[in-house]
Amino acid sequence: MNKFTILFLTLFLSLPMAMKAASAKEKKDDTRYLAGAVPEVEGKVVFSKEFQIPGMSQAQIYDTMTKWMDERLKENQNIDSRIVFSDEAKGTIAGIGEEWIVFKSSALSLDRTLMNYQITVTCKPGNCLVELEKLRFTYRETEKYKAEEWITDKYALNKTKTKLIRGLAKWRRKTVDFADDLFMDVAVAFGAPDTRPKTEKKKKEEQKPSIITAAGPIVISGADKKTDVKVTTDEPAQTTVPAATLTPATPAGKASADMPGYIEIDLKQIPSEVYALMGSGKLVISIGKDEFNMTNMTANAGSALGYHYQLGKAVAYCTLSPDQAYDAIEKADSYTLKLYAPNQTTPSAVIECKKIPSQTTPQAGQPRTYVGEIVKLLMKK
């Protein structure tokens, strides 16, 4: 038997073993990522956790969460991750975040997506509800996806809901992990021990004391009530809580000379009301300056606000369904977005946009998404 025959037999016999080992390596226990792992509320993806903190007043919880959210969003080190709304009397805090989710990193490659999200906290005496929603992904700069059309049970699971769909699995896993990590951060802020593996803990959290400690057990509840976790701390409650220093989230703005009854908003401090309107209100795209020759259309396939890293500017996304006429917006260099609150006949917000040329050509029969640099934002008084 010559050396070539021996080499062939060695490769032939070792190939099935290698394939079996690779298959075993790729096989993961995805139980926690299956049906219900990505919760939906009225068709929208909303991760939520309710924290019961006995012995803490609404003011204490509000101050704790304000400080936590401010620090958590600043970790992203960009101006678009920040608190955008706060109401101490109602105990409500809202923030927007933008950060990288890494799927795989090596010396030769980096696979990641930019994720935008909104986080809302509602504080009550002895109780705190944290909601993570409006998740949007930007992959390879030009591919944009909504959580509702990308990681839900309908799209990311097979028909029997027993397996993750290959290709979407990494998105669903990482998003669920992100939500779990964020909720654990909240628990730690209230004095609960960090139960994450040391390799997953944030370095600054391993030695940093909690912001405040609760007087009794902290009960963390998921929306489905199946993921309830009771965490008890023996730390004594603090009798005083330093008041957080807040910068007004919604600027007063200046009166618009072109549109009476509207004020011009600083683009670095876009109010949360505008984000809410983009998701729930009616959006009309107006093209042209002449009132009698103006083209109006609705963005009936979706809309969102974001941040363009290359430009360093706030941008607005609007998507037309395949059956809509798009010739006018294709030819336009600029356009105006008018946001209408439900049952309103005048726009609550007006966004003037400069169209950013697309890097790709949409395929026939597919929705078309247009990105516009926001040059002016007006809000109704």
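For Met294, the criteria (1) more than 24 Å from Met259 (Cβ to Cβ); (2) touching a Ser or Thr at 6+ places or on another chain (Cβ under 9 Å) hold in every case but one, which is (1). Kindly check whether there is at least one residue in the range 166-183 that is crowded, with 19+ Cβ neighbours inside 10 Å and part of a strand (DSSP E or B). No, every residue in the range 166-183 fails to be crowded, with 19+ Cβ neighbours inside 10 Å and part of a strand (DSSP E or B).
Taking the listed residues Glu40, Glu71, Glu75, the one that is assigned by the TED database to the domain that holds Lys174, at pLDDT 90 or above, of a type in the set (Asp, Glu) and in contact with a strand residue (DSSP E or B) (Cβ under 9 Å, 6 or more places away or on another chain) is Glu40, with no other qualifying.
For Ala192, the test of being in contact (Cβ under 8 Å) with a residue 24 or more places away in the chain, crowded, with 17+ Cβ neighbours inside 10 Å and either over 22 Å from Leu114 (Cα atoms) or not assigned by the TED database to the domain that holds Trp68 (or both) is passed. Only a single criterion out of (1) of a type in the set (Asp, Glu); (2) within 30 Å of Arg166 (Cβ to Cβ); (3) touching a residue at least 12 places away in the same chain (Cβ under 8 Å) is not satisfied by Glu143, namely (3). Restricting the search to the range 316-339, which residues are in a strand (DSSP E or B) and free of Cβ contacts under 8 Å to residues at least 60 places away in the same chain? Across the range 316-339, the qualifying residues are Ala316, Cys318, Thr319, Leu320, Ser334, Tyr335, Thr336, Leu337, Lys338. Only one entry of Lys313, Lys355, Lys376, Lys381 meets the criterion of being among the basic types (Lys, Arg) and free of Cβ contacts under 8 Å to residues at least 60 places away in the same chain, and that entry is Lys355. Would you check if Ala349 is farther than 17 Å from Glu141 by Cβ and open to solvent by less than 20 Å² (accessible area, probe 1.4 Å)? The answer is yes for Ala349. Scanning the range 341-381 for residues that are among the basic types (Lys, Arg) and farther than 18 Å from Leu277 by Cα gives Lys354, Lys355, Arg368. Answer with yes or no whether Asp80 is among the charged types (D, E, K, R) and modelled with pLDDT of 85 or more. It is false that Asp80 is among the charged types (D, E, K, R) and modelled with pLDDT of 85 or more. Applying the criterion of being assigned to a strand (DSSP E or B) and surrounded by fewer than 18 Cβ atoms within 10 Å (Cβ to Cβ) to the residues of the range 289-314, the residue that is modelled with the lowest pLDDT is His308.
Those strands (runs of 3 or more DSSP E) of the range 28-137 in which at least 3 residues are open to solvent by less than 40 Å² (accessible area, probe 1.4 Å) and free of Cβ contacts under 8 Å to residues at least 60 places away in the same chain, considering only elements entirely within it, cover 92-105, 110-124.
Going by what's in this entry, would Thr175 be described as modelled with pLDDT of 95 or more, hydroxyl-bearing (Ser, Thr, Tyr) and touching a helix residue (DSSP H, G or I) at 6+ places or on another chain (Cβ under 9 Å)? Against the criterion (modelled with pLDDT of 95 or more, hydroxyl-bearing (Ser, Thr, Tyr) and touching a helix residue (DSSP H, G or I) at 6+ places or on another chain (Cβ under 9 Å)), Thr175 qualifies. Scanning the range 138-159 for residues being over 18 Å from Leu114 (Cβ atoms) and either outside the structural domain of Glu99 (by the TED database) or in a loop (DSSP other than H, G, I, E, B) (or both) gives a total of 3.
Could you tell me which residue of the range 327-346 is farthest from Tyr262 (Cα to Cα), considering only residues that are open to solvent by 20 Å² or more (accessible area, probe 1.4 Å) and within 24 Å of the chain's Cα centre (by Cα)? Among those that are open to solvent by 20 Å² or more (accessible area, probe 1.4 Å) and within 24 Å of the chain's Cα centre (by Cα), it is Pro342.
The values are calculated or read from the model by the stated rules, or taken from the named source; none is laboratory data. The model shown is predicted, which means the values in this text are computed figures rather than measured ones. Positions of Cβ are generated from backbone atoms using ideal geometry, with glycine treated the same way; all protein chains shown enter the neighbour counts. The accessibility values were calculated without ligands, DNA or RNA, using every heavy atom of the protein model including side chains. Shrake-Rupley method; radii C 1.70, N 1.55, O 1.52, S 1.80 Å.
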